[in-house]
Structures are given as C-alpha cells and as structure tokens.
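One structure below.
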Amino acid sequence: MSLSPSPLFSAPGPQVRAVSDEFHGDLLEVSMGPHHPSTHGVFRMMATLDGETVVKLKPVFGYLHRNHEKIGEGTSYLGSMPYTDRLDYLCSMTNNWAYALAVESLSGQAVPERAQYLRVILAELTRLLNHTCLAGFLLQDCGASGTPLMYAFREREKILDLFESLSGSRMMCNYQRFGGCRTDAPPGWLEAAAALVGGYGAFLDEYEALLTGNEILMARTQGVGRLPAALAISAGVTGPMLRAAGVDYDLRKVDGYGFYPRFEFRVPLGAHGDTYDRYMVRVLEMRESIGILQQALRGIPAGPIMDPKARLRGFRAKPGEAYGRIEGPKGEIGFFLISEGGPNPYRYRVRPPSFINLTILEDLCLGHSIADTVVILGSIDIVLGEVDR
Amino acid sequence: MIGTGLLKGLAVTARNFAGSFHDPKRFVTTQYPEERTKLPEAYRNFPFLVSESADDPMGTLRCVACQICEKECPPQCILIEKSSDKKPDANGRMQLYPKIFDIDTAVCMSCQICVEVCPFDAIKMDQVFEIAATDRFTGLILDRQALAKPDSYFHQIRPTEAAEVEGRLAEGRRAAQEKARAAAAKAAPAAPAEPPAAPSAEAAKPPRPPA
C-alpha cells in the first residue's frame with residue numbers, strides 16, 4: 001500500500017511505502033470506542049491495523065439500544081410521537097414528519113395546506129441545522145479543534161430558538177400530529193424565520209471561506225473514503241452519501257411527498273464519492289434549502305393547521321399496513337406500521353438512514369490510515385440514537 | 001497557490017475574533033446565572049396541576065382524577081389514585097378528586113401529551129427549570145401538594161394559552177348554568193303535577209326543596 005500522491009502536494013521524490021516488506025510486523029487490533037470522542041457517541045470500531053493502515057474493520061454497535069420498536073408496539077400511536085424525537089436527536093422535526101406520514105396513510109387523514117407548508121419549513125430548517133452541525137463535527141474530526149464547530153453551533157442555536165418558540169422544546173420538539181401540526185406559529189415567528197433564512201446565506205459564505213478552499217481539509221478529505229455508486233446502491237445507502245456518489249435519488253423529487261412538488265430546487269450531485277464530495281454536497285444542499293425556505297415562507301397561506309376530524313384521545317388507525325418515508329437530512333427515514341385496528345400498532349419498525357449508511361464503513365475505510373477512519377465516519381453522519389434505537 | 005485557502009480561513013477567524021469584542025451581532029453568550037434569556041411562551045419542561053385559588057390549592061384542583069393522562073403518558077410517570085368522596089368543582093358539579101397525584105420528574109420526558117389529552121385543562125406545562133435536588137427519590141417525585149399551582153400563575157407564564165383556556169372554561173360554565181336553569185325551569189311546572197308518592201328510587205334520595 002503506497003500513499004496516494006495528493007494533487008496538491010505532489011512533491012517530486014521517491015514514493016514512500018507505508019508498510020515495507022522488510023519491516024512487516026504483526027497485525028494490531030485496536031478497539032476504538034465505545035468511549036472514544038470521535039465515534040460520535042457509544043460506537044465501537046474493531047480495527048485491524050497493518051502499521052497504520054486499516055486491513056479490517058468491524059463496527060460494533062447496540063450500546064444505546066433502548067427498545068424503541070418494541071415500546072412502539074405497546075404505546076398508543078400518539079405516545080410513540082415523542083419517542084421518535086429521540087431517534088435522531090438532531091432532527092426531531094423530520095422524524096416526527098415521517099412517523100406522522102405513516103400514520104396518516106393508515107388513517108387516511110388529510111393535512112391542511114398551512115400545516116403542509118409549516119412541515120416543509122421545519123424540515124428544511126432541520127436540514128440546515130443538521131448539515132451545519134455535520135460540517136462542524138467533520139472538521140472537529142479532522143483535528144480543527146473548536147473553531148468550525150463553534151461557528152456551526154452558533155448558527156444552530158438560532159434555529160433551535162425558533163424551534164423552541166414554536167414547539168416549546170429545542171430538540172425534543174414533539175410537534176407534528178396526525179392530520180396537521182400541534183400549534184400554530186406564534187405571532188412574529190414566520191418573520192423571525194424569514195430573517196434567519198435571509199442571513200443564512202451570508203453565514204454559509206463565511207463558513208465556506210473558512211473551509212471549502214482550505215488546503216488542509218482538501219488534503220485530508222479528497223480521495224479519502226471513496227464510495228462507488230454501485231456499492232452505494234446495492235447497500236441501500238441514501239441521502240447525501242448516495243448523492244455524493246453521483247446517484248440522482250432524492251425522495252423529495254422521487255416521492256414528491258408533502259408540498260415539495262410546488263417548490264423549485266435542484267439536487268446537488270457529487271462526482272467522486274469521496275469525503276470532500278460528501279461535505280460539498282451538504283453545503284450545496286443547504287443553499288438549495290435556503291431557496292425552498294424562501295419560497296415556502298413567501299407562499300404560506302393562512303388557515304387551520306389541524307384536520308378538523310383528527311382525534312387525539314382514543315385514536316385508532318384502520319387495519320392495514322403503511323410505510324411512510326421522507327428525505328431526512330441523513331437519508332431516507334421511514335416508519336413501517338402494521339395496524340390491526342387497535343389503539344396501538346401491531347408492528348412498528350423504523351428504517352433509520354444513518355444505520356444503513358453505516359453498514360459500508362469497512363468498505364470505505366480499507367486501505368486508509370486509522371486517522372482517516374475518523375474522518376470517514378464523520379462524513380457518514382451518524383447519530384447513535386438512531387443507529388441503535 | 002497553496003496556502004491562499006488557509007489565509008482566507010484565517011481572515012475569517014480574525015474577523016470573528018475581533019468582532020467578538022465590538023460587534024453586538026457576535027455577542028452570543030448569555031452569562032447565566034447573572035443574565036437570563038427570556039423564555040419563549042411555548043417553553044415547557046414539567047407538568048403542574050392547576051388549582052382555582054392560591055389559598056386552598058388542594059380543595060380547588062381542577063383535576064377530577066379521570067386518569068386519562070395516566071393512561072396516555074408514554075413513559076408512564078404519573079400515578080393517580082381516585083378519591084372515594086366527591087367535591088363540587090368550579091361549575092358546582094360534584095366530581096371526584098385525586099387523593100394521590102404523583103409525577104416522577106426523573107422519568108417524565110416533557111412531551112406534554114398529558115396536557116393535550118386532558119379534557120378539563122387541569123394539567124399544564126411549567127417553565128421552572130432550576131429543579132436540581134440532592135435526593136433522587138423525595139426530591140424528584142412530586143406529589144399533588146408540590147404540583148399544585150394557582151391559575152393566576154398559569155396566566156402569568158402563558159398568557160395566550162391561558163386566555164384560550166379561560167374562554168373554553170367560561171363557555172363550559174355558561175353551558176352548565178343554562179342547562180341547570182333549563183332543568184330548573186322544566187322541573188318547576190312539573191313538580192306540582194307530580195304526586196308526592198314517588199317511586200322508591202326517588203324516595204332514597206334526600207327530599208327535593210319545594211319548587
């Protein structure tokens with residue numbers, strides 16, 4: 001295994017071999033985690049190293065297993081809603097929406113127009129929040145201690161303030177209901193959201209000036225953790241990971257759920273499928289999100305936010321099966337429900353995007369150094385609450 | 001040229017660093033506990049029980065111990081025991097009341113489903129977040145004395161929602177009064193026509209005041 005020459009630092013000279021045949025030693029097994037700060041939670045990587053090069057990597061997870069799906073079979077449909085906040089705790093609004101979509105397709109409830117607009121606004125704000133955080137964490141994983149992450153968190157806090165004034169909680173929003181949203185936006189909320197969205201482009205410009213052209217970031221991420229499109233498709237990878245590999249697949253376009261067909265936006269695609277592309281695809285997605293948000297905030301109509309026929313107490317769904325999926329910030333988040341007509345589902349199953357995106361971790365890491373596995377893991381964008389459920 | 005990206009990034013950092021001294025847009029830190037941010041009205045953390053008056057909170061709880069919140073609570077952190085006797089509520093109707101109403105705030109996840117399902121507007125979300133306790137049993141399991149807070153407090157923390165609730169309750173009171181008046185009006189002409197020898201079920205009840 002030779003160090004691949006970087007296009008930026010292609011200094012002439014002899015090729016350096018990472019592992020020479022004369023000094024070939026024993027393989028070393030390293031257990032990274034579950035309490036390693038770079039694993040984004042309680043996640044463990046059993047890495048087998050030849051020198052510093054990864055020759056085998058086994059992801060171990062389940063440390064945060066909370067029995068989410070079994071609990072969902074025991075509680076009422078409404079009672080599962082606050083638990084979905086705790087799956088991917090950065091993106092509670094999109095989790096809520098996917099679950100509400102699944103239950104609505106079981107019960108056949110219609111969602112009023114204003115609630116549909118609010119859902120789009122909240123989902124896109126969540127996408128901004130998630131991708132901003134991800135860029136910060138990725139840089140933290142590269143060793144840029146503090147600065148990019150703190151800039152990201154400064155902006156994230158503004159979005160969380162919006163969520164708090166709307167739903168009452170910064171992260172555990174528990175906001176969507178079957179047939180609409182729980183409360184209407186308080187006076188001045190939409191204006192505050194429009195002000196935030198208006199200023200977000202300037203923040204992205206600043207953030208990109210800090211990062212996108214940075215030679216160290218390029219050296220650490222370009223050509224690292226390359227994901228071929230064929231592997232991404234066969235492994236069921238979704239979201240920005242898949243689009244960075246060059247596959248044009250966005251549920252907002254494919255399914256056209258909610259009111260997304262009403263909005264104009266483009267789907268950014270990567271060309272190489274490496275870590276840098278995954279970073280860039282997310283930055284470009286944020287720019288598109290800003291466009292969607294501006295359209296939605298302009299077009300949001302007045303009116304009710306709940307289906308008048310919706311019932312909170314004693315809600316029962318019609319017997320049948322339903323799968324509700326949306327394009328979450330991390331990929332396709334879906335809920336599969338089987339109803340027997342009772343107050344709680346017979347079967348409740350979550351399709352978590354970051355869990356399925358994580359399955360290809362070994363393929364991405366093989367042949368790279370142990371320091372690169374941290375960067376690759378950071379670019380996959382996992383939240384352990386969702387991986388382990 | 002190698003290094004220009006780095007220099008550009010450094011310029012951003014320098015701007016932010018300098019700005020953190022003079023640009024109010026970059027003063028994002030609140031010096032808690034000396035400074036406090038204003039909580040939004042929607043902010044919620046743990047539930048409390050609404051009582052009509054501050055002087056006699058236990059006697060004027062709105063809760064009628066219907067136990068809907070206990071059943072709907074996703075993490076099952078509410079324990080309610082019904083009373084065996086009844087007390088008149090704000091509308092003058094005889095209602096049960098909770099003999100025991102405990103909420104384990106160590107288990108509560110602040111989802112506010114108890115508030116949404118309550119048909120009596122008797123449980124609402126509080127905004128007090130400085131609730132650290134030294135003992136996880138007695139300090140965090142709140143009984144009905146600790147949970148009861150007067151309606152005026154609810155009006156103070158959530159004016160918009162309280163006004164809505166007030167309207168709903170006033171409507172309920174008006175409907176109850178009208179119903180009582182209609183019942184009295186119906187009973188008034190019917191009473192003299194009724195012979196005093198009533199069926200035995202009627203006789204078991206205390207005698208009605210003469211109309």
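The values are calculated or read from the model by the stated rules, or taken from the named source; none is laboratory data. It should be emphasised that the depicted structure is a prediction, and the values quoted were computed from it without experimental measurement. Cβ: placed from backbone, ideal geometry, glycine included. Neighbour counts: every protein chain shown. For the accessible areas, the whole protein counts, side chains as well, though only heavy atoms, and no ligand, DNA or RNA atoms are used. Shrake-Rupley method; radii C 1.70, N 1.55, O 1.52, S 1.80 Å.
Numbers for the structure displayed
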{"item": "Odd one out for A:Phe336 among (1) surrounded by 18 or more Cβ atoms within 10 Å (Cβ to Cβ); (2) modelled with pLDDT of 90 or more", "result": "(1)"}
{"item": "Any hit, region A:364-374, residues being open to solvent by less than 40 Å² (accessible area, probe 1.4 Å) and under 15 Å from A:Val237 (Cα atoms)", "result": "yes"}
{"item": "So B:Ala54, is it among the small types (Gly, Ala, Ser), open to solvent by 40 Å² or more (accessible area, probe 1.4 Å) and touching a residue at least 12 places away in the same chain (Cβ under 8 Å)", "result": "yes"}
{"item": "Top-ranked residue in region A:172-193 [being in a helix (DSSP H, G or I) and within 12 Å of chain B (Cβ to nearest Cβ); ranked as least open to solvent (accessible area, probe 1.4 Å)]", "result": "A:Trp189"}
{"item": "Failed item, numbered, when B:Pro75 is tested on (1) within 11 Å of chain A (Cβ to nearest Cβ); (2) touching a Lys or Arg at 6+ places or on another chain (Cβ under 6 Å); (3) free of Cβ contacts under 8 Å to residues at least 40 places away in the same chain", "result": "(2)"}
{"item": "Hits in region B:8-53 - residues which are among the aliphatic types (A, V, I, L, M), at the interface with chain A (Cβ under 10 Å from one of its Cβ atoms) and assigned to a helix (DSSP H, G or I)", "result": "B:Leu10, B:Ala11, B:Val12"}
{"item": "Within region B:91-114, tally of residues that are touching a helix residue (DSSP H, G or I) at 6+ places or on another chain (Cβ under 8 Å) and either open to solvent by less than 20 Å² (accessible area, probe 1.4 Å) or within 30 Å of B:Glu178 (Cβ to Cβ) (or both)", "result": "9"}
{"item": "Residue pairs meeting the criteria (Cβ under 9 Å; at least 6 apart or on separate chains; first free of Cβ contacts under 8 Å to residues at least 40 places away in the same chain, in region B:93-108; second among the β-branched types (Val, Ile, Thr))", "result": "B:Gln95/B:Val64; B:Leu96/B:Val64; B:Tyr97/B:Val64; B:Lys99/B:Ile80; B:Asp104/B:Ile78; B:Asp104/B:Ile141; B:Ala106/B:Ile141"}
{"item": "When residues of region A:20-60 are limited to those that are surrounded by 15 or more Cβ atoms within 10 Å (Cβ to Cβ) and in a loop (DSSP other than H, G, I, E, B), the one modelled with the highest pLDDT", "result": "A:Phe43"}
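Conditions tested, residue by residue: (1) touching a Cys at 6+ places or on another chain (Cβ under 8 Å); (2) open to solvent by 40 Å² or more (accessible area, probe 1.4 Å); (3) in the same structural domain as A:Cys365 (by TED's automatic domain parsing); (4) farther than 27 Å from B:Gly5 by Cβ.
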{"residue": "A:Ala219", "(1), (2), (3), (4)": "no, yes, yes, no"}
{"residue": "A:Ile233", "(1), (2), (3), (4)": "no, yes, yes, yes"}
{"residue": "A:Ala244", "(1), (2), (3), (4)": "no, no, yes, no"}
{"residue": "A:Asp250", "(1), (2), (3), (4)": "no, no, yes, yes"}
{"residue": "A:Lys253", "(1), (2), (3), (4)": "no, yes, yes, yes"}
{"residue": "A:Pro261", "(1), (2), (3), (4)": "no, yes, yes, yes"}
{"residue": "A:Phe265", "(1), (2), (3), (4)": "no, no, yes, yes"}
